Amino acid sequence: MTKYFYKITIITFSLLLLSACNDKSKIVAKESNPKEVAIDSTHKNNESIEGLYETHPESYNSDECNISVEIKKGKSGYTYFLKTKLRKIKGIANLTTNESGEKIIVLEGIQWDEYEGDISREEENDSVADSEANSQQLEIPVGIGASYTKDTLTIQNYGNAMNSYTKLSECGRKYIQLIKR
(Lines give C-alpha, C1' and ligand atoms only; values in the text may rest on other atoms or scores of the structure.)
Protein backbone atom coordinates (compact mmCIF):
# COMPACT_ATOMS: atom_id res chain seq x y z
CA MET A 1 0.00 0.00 0.00
CA THR A 2 2.84 2.40 0.80
CA LYS A 3 4.45 1.77 -2.58
CA TYR A 4 1.16 2.53 -4.33
CA PHE A 5 0.71 5.78 -2.34
CA TYR A 6 4.29 6.78 -3.13
CA LYS A 7 3.73 6.29 -6.91
CA ILE A 8 0.47 8.28 -6.87
CA THR A 9 2.18 11.15 -5.01
CA ILE A 10 5.06 11.30 -7.52
CA ILE A 11 2.70 11.20 -10.51
CA THR A 12 0.47 13.93 -9.03
CA PHE A 13 3.46 16.15 -8.23
CA SER A 14 4.88 15.63 -11.74
CA LEU A 15 1.57 16.57 -13.36
CA LEU A 16 1.30 19.72 -11.26
CA LEU A 17 4.85 20.69 -12.14
CA LEU A 18 4.30 20.16 -15.87
CA SER A 19 1.01 22.05 -15.89
CA ALA A 20 2.61 25.01 -14.10
CA CYS A 21 5.40 25.17 -16.68
CA ASN A 22 3.01 25.03 -19.65
CA ASP A 23 0.65 27.74 -18.33
CA LYS A 24 2.87 30.73 -19.08
CA SER A 25 1.25 33.56 -21.04
CA LYS A 26 2.96 34.56 -24.26
CA ILE A 27 4.08 38.15 -24.69
CA VAL A 28 3.72 39.37 -28.24
CA ALA A 29 5.91 42.32 -29.21
CA LYS A 30 6.29 44.14 -32.48
CA GLU A 31 9.53 45.98 -33.16
CA SER A 32 8.78 49.47 -34.47
CA ASN A 33 12.37 50.66 -34.57
CA PRO A 34 15.62 49.46 -33.01
CA LYS A 35 15.16 51.58 -29.88
CA GLU A 36 11.48 51.05 -29.07
CA VAL A 37 9.21 48.04 -28.92
CA ALA A 38 5.44 48.46 -29.03
CA ILE A 39 3.59 46.23 -26.61
CA ASP A 40 0.63 44.34 -28.02
CA SER A 41 -2.28 45.37 -25.83
CA THR A 42 -3.98 41.97 -26.24
CA HIS A 43 -1.59 40.13 -23.92
CA LYS A 44 -2.48 39.72 -20.29
CA ASN A 45 -0.28 41.45 -17.78
CA ASN A 46 -0.46 41.37 -14.01
CA GLU A 47 0.26 45.10 -13.94
CA SER A 48 -2.54 47.19 -15.44
CA ILE A 49 -1.81 50.74 -16.57
CA GLU A 50 -5.52 51.57 -16.52
CA GLY A 51 -6.72 53.86 -13.76
CA LEU A 52 -6.86 57.38 -12.37
CA TYR A 53 -3.52 59.09 -11.73
CA GLU A 54 -3.27 62.30 -9.69
CA THR A 55 -0.63 64.67 -8.41
CA HIS A 56 -0.15 64.91 -4.65
CA PRO A 57 0.91 67.98 -2.65
CA GLU A 58 4.62 68.25 -1.94
CA SER A 59 5.68 69.52 1.48
CA TYR A 60 8.72 71.36 0.06
CA ASN A 61 6.80 72.92 -2.85
CA SER A 62 4.04 75.49 -2.32
CA ASP A 63 2.83 75.68 -5.94
CA GLU A 64 -0.61 74.40 -6.78
CA CYS A 65 -0.33 71.51 -9.21
CA ASN A 66 -3.66 69.73 -9.54
CA ILE A 67 -3.42 67.40 -12.50
CA SER A 68 -5.20 64.13 -13.13
CA VAL A 69 -4.98 61.62 -15.97
CA GLU A 70 -7.45 58.79 -16.38
CA ILE A 71 -6.30 55.96 -18.64
CA LYS A 72 -8.79 53.45 -20.03
CA LYS A 73 -8.36 50.45 -22.28
CA GLY A 74 -10.72 50.09 -25.22
CA LYS A 75 -11.00 47.78 -28.20
CA SER A 76 -8.46 49.75 -30.24
CA GLY A 77 -5.98 50.50 -27.43
CA TYR A 78 -5.62 52.98 -24.61
CA THR A 79 -7.30 56.38 -24.26
CA TYR A 80 -6.72 59.15 -21.72
CA PHE A 81 -8.54 62.09 -20.15
CA LEU A 82 -6.22 64.85 -18.85
CA LYS A 83 -7.66 67.41 -16.44
CA THR A 84 -5.83 70.50 -15.13
CA LYS A 85 -7.09 73.84 -13.84
CA LEU A 86 -6.86 75.25 -17.39
CA ARG A 87 -7.79 72.36 -19.69
CA LYS A 88 -9.63 69.10 -20.18
CA ILE A 89 -8.33 66.94 -23.04
CA LYS A 90 -9.23 63.47 -24.33
CA GLY A 91 -7.03 61.49 -26.67
CA ILE A 92 -5.12 58.34 -27.50
CA ALA A 93 -2.43 56.98 -25.18
CA ASN A 94 0.34 54.90 -26.75
CA LEU A 95 2.33 52.53 -24.55
CA THR A 96 5.84 51.54 -25.63
CA THR A 97 8.89 49.96 -24.04
CA ASN A 98 12.35 51.29 -24.86
CA GLU A 99 15.47 49.14 -25.27
CA SER A 100 16.33 49.39 -21.57
CA GLY A 101 12.90 48.01 -20.61
CA GLU A 102 11.44 51.31 -19.40
CA LYS A 103 7.74 51.72 -20.18
CA ILE A 104 6.76 55.02 -21.78
CA ILE A 105 3.22 56.24 -22.29
CA VAL A 106 2.64 59.07 -24.76
CA LEU A 107 -0.50 61.19 -24.38
CA GLU A 108 -1.14 62.13 -28.01
CA GLY A 109 -2.68 65.46 -29.02
CA ILE A 110 -1.49 67.69 -26.16
CA GLN A 111 0.46 70.70 -27.46
CA TRP A 112 3.38 71.85 -25.29
CA ASP A 113 2.94 75.32 -23.82
CA GLU A 114 6.41 76.62 -24.75
CA TYR A 115 9.25 75.40 -26.93
CA GLU A 116 12.34 77.41 -27.77
CA GLY A 117 14.32 74.43 -29.01
CA ASP A 118 17.94 73.47 -28.68
CA ILE A 119 20.00 76.58 -27.92
CA SER A 120 23.04 75.17 -29.75
CA ARG A 121 21.23 76.05 -33.02
CA GLU A 122 21.52 79.75 -32.13
CA GLU A 123 25.32 79.63 -32.51
CA GLU A 124 24.85 79.09 -36.25
CA ASN A 125 23.05 82.44 -36.60
CA ASP A 126 24.93 85.68 -37.21
CA SER A 127 22.47 88.20 -35.84
CA VAL A 128 19.65 88.61 -33.35
CA ALA A 129 17.20 89.05 -36.25
CA ASP A 130 18.17 85.63 -37.67
CA SER A 131 17.72 84.06 -34.24
CA GLU A 132 14.24 85.56 -33.83
CA ALA A 133 13.18 84.43 -37.33
CA ASN A 134 14.33 80.86 -36.66
CA SER A 135 12.62 80.69 -33.26
CA GLN A 136 9.32 81.73 -34.86
CA GLN A 137 9.67 78.87 -37.36
CA LEU A 138 9.99 76.19 -34.68
CA GLU A 139 6.97 73.95 -34.43
CA ILE A 140 5.68 73.42 -30.93
CA PRO A 141 5.72 69.67 -30.24
CA VAL A 142 2.50 67.77 -29.68
CA GLY A 143 2.28 64.76 -27.37
CA ILE A 144 3.49 64.40 -23.80
CA GLY A 145 5.58 61.40 -22.82
CA ALA A 146 5.60 59.97 -19.31
CA SER A 147 7.66 57.14 -17.89
CA TYR A 148 5.59 54.44 -16.20
CA THR A 149 6.85 52.61 -13.12
CA LYS A 150 4.48 50.51 -11.02
CA ASP A 151 1.63 52.91 -10.20
CA THR A 152 3.35 56.19 -11.11
CA LEU A 153 3.54 58.29 -14.28
CA THR A 154 6.44 60.79 -14.35
CA ILE A 155 6.51 63.70 -16.80
CA GLN A 156 9.58 65.89 -17.22
CA ASN A 157 7.69 69.18 -17.39
CA TYR A 158 10.41 71.60 -18.44
CA GLY A 159 13.92 71.62 -19.82
CA ASN A 160 17.01 73.65 -19.05
CA ALA A 161 18.93 76.60 -20.49
CA MET A 162 20.28 74.49 -23.35
CA ASN A 163 16.88 73.05 -24.33
CA SER A 164 14.10 75.31 -23.12
CA TYR A 165 10.52 74.00 -23.08
CA THR A 166 7.46 73.77 -20.85
CA LYS A 167 4.87 71.08 -21.39
CA LEU A 168 2.20 72.00 -18.81
CA SER A 169 2.59 75.60 -17.61
CA GLU A 170 -0.17 75.21 -15.03
CA CYS A 171 2.28 73.20 -12.92
CA GLY A 172 5.66 74.62 -11.89
CA ARG A 173 7.26 71.28 -11.00
CA LYS A 174 10.22 70.02 -13.04
CA TYR A 175 8.98 66.43 -12.67
CA ILE A 176 5.25 65.89 -12.39
CA GLN A 177 4.49 62.63 -10.60
CA LEU A 178 1.00 61.27 -11.09
CA ILE A 179 0.24 58.46 -8.66
CA LYS A 180 -2.47 55.88 -9.27
CA ARG A 181 -5.41 56.20 -6.94
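The values are calculated or read from the model by the stated rules, or taken from the named source; none is laboratory data. Given the structure is predicted, the values throughout are model-derived calculations rather than measurements. Methodologically, a virtual Cβ is constructed for each residue, glycine included, from the backbone with ideal geometry; neighbour enumeration extends over all protein chains shown. For the accessible areas, the whole protein counts, side chains as well, though only heavy atoms, and no ligand, DNA or RNA atoms are used. Shrake-Rupley method; radii C 1.70, N 1.55, O 1.52, S 1.80 Å.
Scaling against 2.2 N^0.38 Å puts the C-alpha radius of gyration of the range 60-120 at 1.41. Largest first, the residues Y60, Y53 sort by 1.4 Å accessible area into Y60, Y53.
What FRET efficiency, computed as 1/(1 + (r/R0)^6) with R0 = 22 Å and r the Cβ-Cβ distance, is obtained for E50 and E116, rounded to the nearest 0.05? Please list the in-between numbers first.
Numbers: r = 35 Å, r/R0 = 1.61.
E(calc), rounded to 0.05, equals 0.05.
When its C-alpha radius of gyration is set against 2.2 N^0.38 Å (N residues), the range 135-181 gives a value of 1.31. With a cut-off of 14 Å between beta carbons, the residues surrounding T154 carry a summed charge of +2, where Lys and Arg count +1 and Asp and Glu -1.
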